[in-house]
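A quick write-up on the structure given underneath.
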Amino acid sequence: MKEEQKKIELLQKIAHQLNEAHVQWALGASMLLYFKRITPVFHDIDLLVSEHDAECVRTILLEMGELCPPDPMPNPMYRTKAFMEFLIDSIEVDVMAGFAIVHEGTVYDCSLRGDQIVEKMLLGTEVIPLQSPRLWCKYYRLMERPQKADMIEKALSCGISSQQPSPKAY
């Protein structure tokens, strides 16, 4: 099975558990861009969750895999309130609650808010909430990752991500 397909199937399993628990969550970063047809590759699954659901998500994902030990020297570019990295079926799943980016001495609160879930995609029988590529363009600029931001801007100007996400829109 292709590596991407394994990750997509894992996202579907995770989505089922999070949706059953009524967690406020959204898919972000490169897997979001993959489904929006902006990038052909992604390496892990990045989930943004509301701060009040962070412990619930930890419990759910611990049942599916293992929690990786926190980095003893966390990147000072981030001030995320709860960052958890899981390894599930040999796939890295990053969970961020209270996501925050430090840029030029200013802390930008990038916490998930309900109004940032701009679209929902159906993956098999599971609903996948999506943040907007435009929002991630802003985040990538704050993270000083201009290649990613430029790629999103180019796709948006060409109308690529205005298409329905693959596989099916909800």
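The values are calculated or read from the model by the stated rules, or taken from the named source; none is laboratory data. Worth saying up front: this structure is predicted, and the values here are computed from it rather than measured. No Cβ is skipped: glycine too gets one built from the backbone with ideal geometry, and neighbour counts run over all protein chains shown. Heavy atoms of the whole protein, side chains included, go into the accessibility calculation; ligands, DNA and RNA do not. Shrake-Rupley method; radii C 1.70, N 1.55, O 1.52, S 1.80 Å.
Length available on full extension from Asp109 to Lys138: 0.36 nm per residue minus the Cα-Cα distance, which gives 9.2 nm.
Assign one of three labels to region 75-159, namely rounded, prolate or oblate, based on the Cα gyration tensor with a ≥ b ≥ c the square roots of its eigenvalues; rounded applies when a/c is under 1.5, prolate when it is not and a/b is larger than b/c, and oblate otherwise. Oblate, because a/c is 1.5 or more while a/b does not exceed b/c. Only aspartates and glutamates eight or more places from Lys13 in sequence, or on another chain, were considered; those with a Cα closer than 16 Å are Glu3, Glu4, Asp44, Asp46, Glu63, Glu66, Asp89, Glu92, Asp94, Glu126. Each listed q (0.12 Å⁻¹) maps to a log10 I(q)/I(0) for the chain from the Debye sum over equal C-alpha point scatterers, namely -0.52. Per residue, the chain exposes 52 Å² of accessible surface when a 1.4 Å probe is rolled over the protein heavy atoms with every protein chain present.
Of the whole protein surface, Glu51 contributes about 90 Å² of accessible area at a 1.4 Å probe radius. Kirkwood radius for region 1-101, taken over all pairs of different Cα atoms as the inverse mean of 1/r, rounds to 14.0 Å. Residue ranges 128-135, 38-45, 59-66 sort as 128-135, 38-45, 59-66 when ordered by packing (mean number of other C-beta atoms within 10 Å per residue, highest first).
Counting only protein heavy atoms and a probe of 1.4 Å, the accessible surface of the chain is 51% carbon and sulfur. Scaled against 2.2 N^0.38 Å for its residue count N, the alpha carbon radius of gyration of region 44-91 is 1.18.
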